[in-house]
Each structure stands twice: as structure tokens, then as C-alpha cells.
Amino acid sequence: MLKNISLLNQNLYLTTVLIWLIVLSACQTTTQQPPLPTIVEARATVSPTATSQPTITPSQTNTPHSTETPASTETPLPENTATMLPTTTSTDTPQATATLPLDSIQITLNPITGGFSKPVYLTHADDQSGRLFVVEQAGRIVIIEDNIIRSTLFLDIVDIVGSSANEQGLLSMAFHPDYTNNGYLFVNYTNLEGHTVIAQYQVSAVDPNQADKDSEQILLTIPQPYGNHNGGQILFGPDGYLYVGMGDGGAANDPQNNAQDLERLLGKILRIDIDQATPYGVPDDNPFVSQTSARPEIWSYGWRNPWRISFDRLTGDMYIADVGQNQYEEIHVEEVGTSGGGNYGWRLMEGRHCFNPSSCDPDSLSLILPITEYDHDQGCSITGGYVYRGQKNLSLKGIYIYGDYCTGLIWGLRQEAGGVWSDVLLSSSNHTISSFGEDEDGELYLLDHQTGQVMMIK
């Protein structure tokens, strides 16, 4: 009996277990869920910024300059040599820095130092020293180092410089391209007789902050018939030759017609070789070397009073500001690779306008007309500057900065896509702009002739 009961209980137990297994199996079949999705961090899809450049048009009607591209039978402008701002990139998203419309660009003038007596030029030695050299009209060269004026003069030749007339004096300087090795520097001044002198000096053997006054070697003396229109610019070109800007000799209206006379050095830009001969040589490819009726030093002619010449440190193009007579101030651009020999118009033309004679045909005379001009409602005497190649204001890249001595207006000139030139008023300053300057890094400066201030352009 007990055995039967036990067997019965066993059967009941097995039956119960079997029922529970069936139930559990059914439950698992009806409640099983799919696996959860794998969660991945979301990442935005970034499209590269378009690199197309905006269309730039010539300056607006509030710009005081004409923006036509002048016709030229001597040195035609390239159809498309616009200087575009470099493209900047990041490691995540490619970016493009578009050239800004010229009339949207602004500049500021930040005072660096002051106290100079009639400063007329500022330059550097390209020796990685960071020094700035300021030329004072009376005959002194002063060093600015770390924005501080050194008490010791770099060069003092006041005793041999004639500066009694407003446009006379020590007018500019240039360091030899190999200055760090040979220590040569060059100056352009009017002597006590009022004649132009181009001379070489050498830095002191014991003090890099002083030139040896007794080392002067006169390369060239050019007689001046009058006290004004002395030009005054000297600078080395990218070809290693020394360029000299000469005015027409002065008075008014070029009474001796010097600028058109190829047998005279007045009213010309000269190009000489100071390394191959004593006191200087003439490059074999100067345009008038083979003409017996022309001075071989002449590179170009038809200049009234070129007041500041500069080379674009990136392209090698030469920019020349020529002071006008009664009505027009003008800017010329001579593209790198030009063979020289161009006639830039004076006294036949003042700017784009016939002067003497009062009617003329510029095309038939093969004259090179200015890129831009402004009339005397905007100023009275142009001061040429530089194409900006610095880093402190990238919006200024490729823009030629120039101004007016009398009104203090400052303009920017730029060649746009398609070869069209445009310019715009950047600043209405109160400064008497005697010169602009450029440092080793391509940053630009303004000199105030009256107050003696030096300002950085930003």
C-alpha cells in the first residue's frame, strides 16, 4: 500500500514537473524581445566651404579716383594678375578666405614713437634685427629698436647736406641686398650747392648701430637747376640693381623740358649696377645702352617728381607715385619683366590729361598713362607707399597703400580679377604724410612730417 502510494506520489510529482516545464517553455516563446540596437555617438556631416571668390567691382561713386584701366601702347597691363588672399585651412573643415570688397576694408593708425625732426623715410636693413631706420630731412638717420629711439645716431651728415629749400635734404636711404656681409648702405641727398648726390657708406666695424661717416664714396652727382623737384628715392630692385628716382629739376612746368630729354638725368628713373664697377656700372639690358644720344643709366623717363617708389615684395612689380603740377596726382605700376624705356608722359601730360601742348594724342606718342589719378580737390601732393604683405591685417593683403601730403587722405589701390584696377579712400587722417615705410615683416608705417610721429598701419 505504502509502495503503491509512493509510486502514485512519484507519478504525480513527475506529472507536475512536466506541466511546469511546458508552461515555462510557452512563456519564454511569447515574451522574448529582439536585442537592443547598438548606440553610436552622432556626428554631424560638414560640407566644405565654397572657394569661389566674390565679384569685385571698381570703387563706388564716393571714391575720388577714376578706376578705368588706361590704354597703353608701351606697357600693356596683364589681363588677369589680381593678387588674391591665400586660402586658410583647418584640420577639420577646409576654409577659404575670400578677397573682401575694397570699400569694406578699414585701417587704423597706431602711434609707435615720435619726436623726430621732419622725418621723410623709414626702412629696414633686412638683417633680422627688427630695427627701423628713420631718415630726418636735415641729414640724420635714427634707429628705432623695440619701439624705442636709440640715443646714438646711425648716421649724421648734417654738415654736408643742404636742406634750406622745402624739397631738399637727406631724402632716402637703401641697404645693400648683401648688407649683412658687406655692411654697405646708400643715401640720396642734396649737397650744400643744391645738387643731388648718391653716395655709399659702410657700417662701423665695431658698432652695428653706427655707420662710418668717413667711409663716404660718392657714386654720382647730378646738377640741379632749381631747389625743388629733386625726387630723392633710391632702392634696390628684385634684380639687385639700384634704382634712383629723379625729379625734373624744379621751378614749374619743367621749363627746360628735362623729363623728355634723354641726354639728361633729370625727370628719369635711373638703374645702375653698384657691384661691377667703380663708382658704378650700367646693366647691359638698360634700354638706352646702345643709343649715343641718351644716357645709359636711364630706365624710364617722363617723370615730374616721383615721390616714393616701391617694389611689391611678392610680385616684383614697381609702383611709382608722381607729384602733379596744377591739377592731377598720379600712380603708375610697372609690371615685373618690363624691359624699360617707357615714357610716362610729363610734360606732355599731367596724369591722363594733355599739358604742354594743351592738345595731344597719347596713343600716337606711345605714352604710358597712370593706373589711377586724383585731382586737387582731394589733395595737392601725392606720397607713394607700398603693397601690403604683412600679417597683422590680412584684409590688406595685396593692396597698395598711398596718401596725400597736404590733406592726409589715405587710399588703397588693388588690381581685381580681369585686370581692372580699383581704389578707395581708407582713412581721412590729419597727418602730413611725408612717407610710408615697410619693415622686415612687411608691416607698413606712416611718417608725419610736421609732428614727427611714426605710426603703424593696421
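The values are calculated or read from the model by the stated rules, or taken from the named source; none is laboratory data. Keep in mind it's a predicted model, so treat the numbers as computed, not measured. Glycine gets a Cβ as well: all are built from the backbone with ideal geometry, and neighbour counts include every protein chain shown.
Some observations on this one:
- Filtering segment 415-426 to residues that are in a strand (DSSP E or B) and either over 16 Å from the mean Cα position of the chain (by Cα) or among the aliphatic types (A, V, I, L, M) (or both) leaves 424, 425, 426.
- Scoring residue 284 on the criteria (1) surrounded by fewer than 19 Cβ atoms within 10 Å (Cβ to Cβ); (2) under 19 Å from residue 335 (Cα atoms); (3) of a type in the set (D, E, K, R) leaves a single failure, condition (2).
- Inter-residue pairs, beta-carbon under 6 Å, first more than 21 Å from residue 283 (Cα to Cα) and crowded, with 22+ Cβ neighbours inside 10 Å and in segment 318-344, second of a type in the set (Val, Ile, Thr) and modelled with pLDDT under 95, 6+ apart: none
- Any hit, segment 375-392, residues being β-branched (Val, Ile, Thr) and assigned to a loop (DSSP other than H, G, I, E, B): no
- Members of segment 408-458 found to be hydroxyl-bearing (Ser, Thr, Tyr), within 14 Å of residue 107 (Cα to Cα) and buried (at least 23 other Cβ atoms within 10 Å of the Cβ), listed by number: 445
- From the list 260, 276, the one residue that fits, being modelled with pLDDT under 95, of a type outside the set (A, V, I, L, M, F, W, C) and farther than 15 Å from residue 233 by Cβ, is 276.
- Boolean, residue 397 is touching a residue at least 12 places away in the same chain (Cβ under 8 Å), surrounded by fewer than 18 Cβ atoms within 10 Å (Cβ to Cβ) and farther than 23 Å from residue 268 by Cα: no
- One residue from 235, 219 being outside any loop (DSSP other than H, G, I, E, B), touching a Ser or Thr at 6+ places or on another chain (Cβ under 8 Å) and touching a residue at least 40 places away in the same chain (Cβ under 8 Å): 235
- Note on segment 101-117: among residues that are crowded, with 19+ Cβ neighbours inside 10 Å and in a loop (DSSP other than H, G, I, E, B), the one that is farthest from the chain's Cα centre (by Cα) is 116.
- Number of the condition not met by residue 284 [criteria: (1) touching a Gly at 6+ places or on another chain (Cβ under 7 Å); (2) over 20 Å from residue 235 (Cβ atoms)]: (1)
- Counting only residues that are within 29 Å of the chain's Cα centre (by Cα) and either in a loop (DSSP other than H, G, I, E, B) or not polar (S, T, N, Q) (or both), segment 190-216 holds 9 of them.
- Residues that are more than 17 Å from residue 384 (Cβ to Cβ) and assigned to a strand (DSSP E or B) within segment 427-447 comprise just one, 428.
- Near pairs, Cβ below 7 angstrom, 6+ apart or cross-chain, from segment 368-390 (under 16 Å from residue 353 (Cα atoms)) to any residue that is surrounded by fewer than 19 Cβ atoms within 10 Å (Cβ to Cβ) and modelled with pLDDT of 95 or more: 369/352; 370/352; 373/352; 375/327; 376/327
- Single match in 425, 444 (criterion: in contact with a helix residue (DSSP H, G or I) (Cβ under 9 Å, 6 or more places away or on another chain) and either under 21 Å from residue 146 (Cα atoms) or hydroxyl-bearing (Ser, Thr, Tyr) (or both)): 444
- Restricting segment 264-281 to residues that are out of contact with any strand residue (DSSP E or B) (no Cβ under 6 Å at 6 or more places or on another chain) and of a type in the set (D, E, K, R), the residue that is surrounded by the most Cβ atoms within 10 Å (Cβ to Cβ) is 264.
- Residue in segment 163-184 that is within 25 Å of residue 448 (Cβ to Cβ) and without any contact (Cβ under 8 Å) to a residue 40 or more places away in the chain present: yes
- Among (1) touching a Phe, Trp or Tyr at 6+ places or on another chain (Cβ under 8 Å); (2) outside any strand (DSSP E or B); (3) under 17 Å from residue 317 (Cβ atoms) - the single one residue 412 does not satisfy: (2)
- Flag for residue 374 being crowded, with 22+ Cβ neighbours inside 10 Å, closer than 19 Å to residue 424 by Cα and hydroxyl-bearing (Ser, Thr, Tyr): yes
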